[in-house]
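Undergrad: One structure coming up, written as structure tokens, with questions to follow.
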Amino acid sequence: MTPVTRQEVLGLYRKIFRIAKKWQSASGQIEETSKEKEYIKNEAKTLFRKNKNVTDPKLIKQCIEECEARIEMGLHYNIPYPRPIHLPPMGLAHKQSRMLRQQEKLRKISKPIYLKSHDEVS
């Protein structure tokens with residue numbers, strides 16, 4: 001990891017914790033706000049620890065982009081949790097058919113960047 005990349009990653013980590021410190025839930029309830037703050041901190045710790053040994057520059061860049069996208073989405077919608085995605089139709093393909101393989105391929109392609117690591121952790 002280059003020093004510039006390291007500083008960028010550490011800056012994102014600090015930014016997430018600053019956001020968590022100032023976070024206010026959409027409902028304004030104290031209990032919900034504290035739950036969301038704790039979720040933000042735990043999610044950041046989990047994902048950053050999971051990716052601490054990544055050395056591939058392309059994968060590091062992808063993780064940074066995912067982090068930035070999740071930060072922007074969370075701040076924009078005032079929801080710390082990942083937003084659901086709308087998957088393409090064809091939900092009822094046969095198990096051995098060519099349609100099932102196509103459907104799985106479409107699902108992988110349609111998955112937004114901000115959800116790439118969420119399913120692996122959850």
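Undergrad: I'd like the full set of residues that are within 27 Å of Val54 (Cβ to Cβ) and among the acidic types (Asp, Glu), limited to region 5-31.
TA: The answer is Glu8, and nothing else.
Undergrad: Taking the condition of being outside any loop (DSSP other than H, G, I, E, B) and in contact with a helix residue (DSSP H, G or I) (Cβ under 9 Å, 6 or more places away or on another chain), how many residues in region 1-16 meet it?
TA: Matching residues across region 1-16 total 7.
Undergrad: Out of Arg6, Arg14, I need the residue that is of a type in the set (Lys, Arg), at pLDDT below 95 and within 19 Å of Glu68 (Cα to Cα). Which one? Quick ask: steps written out before the conclusion?
TA: Details: Arg14 fails: at pLDDT below 95.
Within the list Arg6, Arg14, the selection yields Arg6.
Undergrad: Can you confirm whether Ala69 is under 15 Å from Tyr13 (Cα atoms), at pLDDT below 90 and in a helix (DSSP H, G or I)?
TA: So Ala69 fits the description; yes.
Undergrad: May I ask you to list the residues in region 17-60 that are open to solvent by 100 Å² or more (accessible area, probe 1.4 Å) and part of a helix (DSSP H, G or I)?
TA: Within region 17-60, Arg18, Lys21, Lys22, Ile30, Glu31, Lys35, Arg49, Lys58 meet the criteria.
The values are calculated or read from the model by the stated rules, or taken from the named source; none is laboratory data. What you see is a predicted model, and the numbers here were worked out from it, not measured in a lab. Using ideal geometry, Cβ is built from the backbone for each residue, glycine included, and neighbour counts are taken over all protein chains shown. Surface accessibility is based on the protein's heavy atoms, side chains included, excluding ligands, DNA and RNA. Shrake-Rupley method; radii C 1.70, N 1.55, O 1.52, S 1.80 Å.
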